[in-house]
Amino acid sequence: MLRRLLYQGSVGTVLLLGSLLLHAAPASVSLKEALSQLHETGVLVLNARQEAAIEKESSKLRVPASTTKLVTAYLALKHWGTDYRFKTDFYITRTAQNTASLWIKGYGDPFLVSEEIQKLAEALAHRLKASGINTIDEVILDTGYFETNVVLPGRSDTDNPYDAIPGALAANFNTLYLKKAHGAIVSAESQTPLTPLAIKLGQHANLRHGRFNLGGSVKTGERYFAELLSAFLQQSGIQVKNEVQWRNLKELLALKQSQPFYRHLNSLTLAEIIQPMMRYSTNFIANQLALKLSAEKLGAPASAEKVKQMMKSDLTNYLGWQDFYLEDGAGLSHQNRLSPQQLVILLEAFRPWKSLLPEIEDRIFAKSGTLIGVSTLAGYIYQEQHWLPFALMINQSVPFHYKNQLAIKLKQQLED
């Protein structure tokens, strides 16, 4: 279901389970002793007076992993606000009596899941019927808001959901979840109709592994979006032919049809999208947000280079950061560099939205990050009605849950 769809953590999460170079920090070991075993680690915790209560190499740059999503969320919330809703525009050109071409302009909505597309289709079908249109002859996609086949650094060429590529139009985070029943490929989730492309992709996928991404060609994901929308439109009584084309909407706007026939605003607000992104560390959402931000600030089409430029400019202007490097919105790149000090500065600015972070341990609200050889945490320790920001950046192999155990020790030391 949606939880399974959202959970797209990094590959290191699995691989680090077998990397036990350090013992888990037991209760008998002090925080000082635990930190002394970690030679590639930075820590910073502020007290209620905003003083450094616990500190180790806090100015040294390290790989932040998925704590980068805090940066992306901050930039998105600061730019759009919590109540912002992502849009997708639909235009109509009539081709014959009661038939039409459906033009779709995508702007990178990161949360067009099956349930949302069904709502979209029902509203669109209602308007089509009210206009006397019962059949769509062709679906025309304008996906030029993103650069073609834009891939942000850190992605691996696997079929894992967390390696799904971004797109201006994408359904279910550019992933599929199928299974076999009586020898036939069927949808593994009741809310998602089976489409011709899904069957074709399922024939070449190992369905025993569960959900998989749609591959490295963005057109595959865009076609799947068109097919899934068509399936929902047909459920609502609109016949749709399987013709899908890619054209620039400027052709239509030149005909003076400047107003969308229907503009769909996602039923979820930005805050409601960021909250599960933080909880399940959904790489697709984070990179969609970064790309859309870069297009709004630097002009479409969004690109990897514009994401890097936007990160550099905005974080320097908003937070005064100087020495840092970020090149993706999800934190998959091993080239990213931040310091615990910078993350704590970010957390001070993130206070208005701190409720969007998950409670990973008792009274510890944080975003975690895991890559091969990287284990990070950044968030707040709640103590005596104070939200104390902290950042823990371990750039060496440790057991998977080690960072949480250290965070508990940080909290305990603050209580002493």
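The values are calculated or read from the model by the stated rules, or taken from the named source; none is laboratory data. This one's a predicted model, so the numbers in the text were calculated from it and none came from an experiment. Quick reminder, even Gly has a Cβ in these numbers, built from the backbone with ideal geometry, and neighbours come from all protein chains shown. These area figures cover heavy atoms from the full protein model, side chains too; ligands, DNA and RNA do not enter into them. Shrake-Rupley method; radii C 1.70, N 1.55, O 1.52, S 1.80 Å.
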Problem - DSSP-loop trypsin sites (Lys or Arg not before Pro) across segment 227-258, with at most 10 other Cβ within 10 angstrom - result: Lys256
Exercise for the section: Would you indicate which of (1) 56, 43, 40; (2) 77, 51, 35; (3) 62, 59, 46 is the value of Cα extents along the principal axes in Å derived from the coordinates of this structure? Expected result: (2)
Practice task
Could you tell me how many degrees, from 0 to 90 and to the nearest 10, lie between the Cα long axis of helix 304-319 and the main elongation axis, the longest principal axis, of the Cα atoms of the chain?
Solution key: 50 degrees
Problem - Over 28 Å between alpha carbons, listed pairs Lys297/Lys411; Lys69/Lys306; Lys105/Lys367 - result: Lys297/Lys411; Lys105/Lys367
Fill in the blank from the handout: Here segment 371-385 yields Karplus 3J(HN,Hα) values (6.51, -1.76, 1.60; θ = phi - 60°; whole Hz; Gly and Pro given as x) of 10, 5, x, 9, 9, 9, 8, 8, x, 9, 9, 8, 9, 6, 6
Practice task
Just tell me which aspartates and glutamates come within less than 15 Å, Cα to Cα, of Lys60; anything on the same chain fewer than 8 places away is out.
Solution key: Glu40, Asp323
Fill in the blank from the handout: In Å², rounded to a whole number, the accessible area per residue of the chain with probe 1.4 Å is 41 Å²
Problem - Using alpha-carbon coordinates, inclination of helix 340-349 to the longest axis of the chain, degrees - result: 60 degrees
Exercise for the section: Round to a whole angstrom and tell me the spacing of the C-alpha centers of segment 114-155 and segment 84-113. Expected result: 4 Å
Problem - Whole-number percent relative contact order across segment 157-316, with pairs defined as alpha carbons under 8 Å at least 6 apart - result: 22 percent
Practice task
Over 19 Å between C-alpha atoms is what I'm after, so list which of Lys32/Lys409; Lys119/Lys219; Lys292/Lys312 land there.
Solution key: Lys119/Lys219
Practice task
Before anything else, pin down the relative contact order of segment 308-416: Cα pairs under 8 Å, at least 6 apart, normalised by residue count, whole percent.
Solution key: 18 percent
Exercise for the section: Estimate the FRET efficiency between Thr316 and Arg94 by the formula 1/(1 + (r/R0)^6), using the beta-carbon distance for r and 35 Å for R0, to the nearest 0.05. Expected result: 0.10
Fill in the blank from the handout: Residues meeting the amide H criterion for Thr95 (H placed from the backbone, H to H distance under 5 Å, 5 or more places apart or on another chain) are Ala100, Ser101
Practice task
Quote the relative contact order of the chain in percent (integer), defining contacts as alpha-carbon pairs under 8 Å separated by 6+ residues.
Solution key: 29 percent
Exercise for the section: Could you tell me what percent of the accessible area of the chain is made up of carbon and sulfur, with a 1.4 Å probe and every protein chain present? Expected result: 49 percent
Practice task
For segment 365-370, take each phi angle, set θ = phi - 60°, evaluate the Karplus expression 6.51 cos²θ - 1.76 cosθ + 1.60, and give the result in whole Hz per residue in order, putting x for glycine and proline.
Solution key: 10, 7, 9, 9, x, 9
Exercise for the section: Please state, as a whole number in µm²/s, the translational diffusion coefficient that the Stokes-Einstein equation yields for segment 253-386 at 20 °C and 1.002 mPa s, with Rh defined as the Kirkwood radius across alpha carbon pairs. Expected result: 126 µm²/s
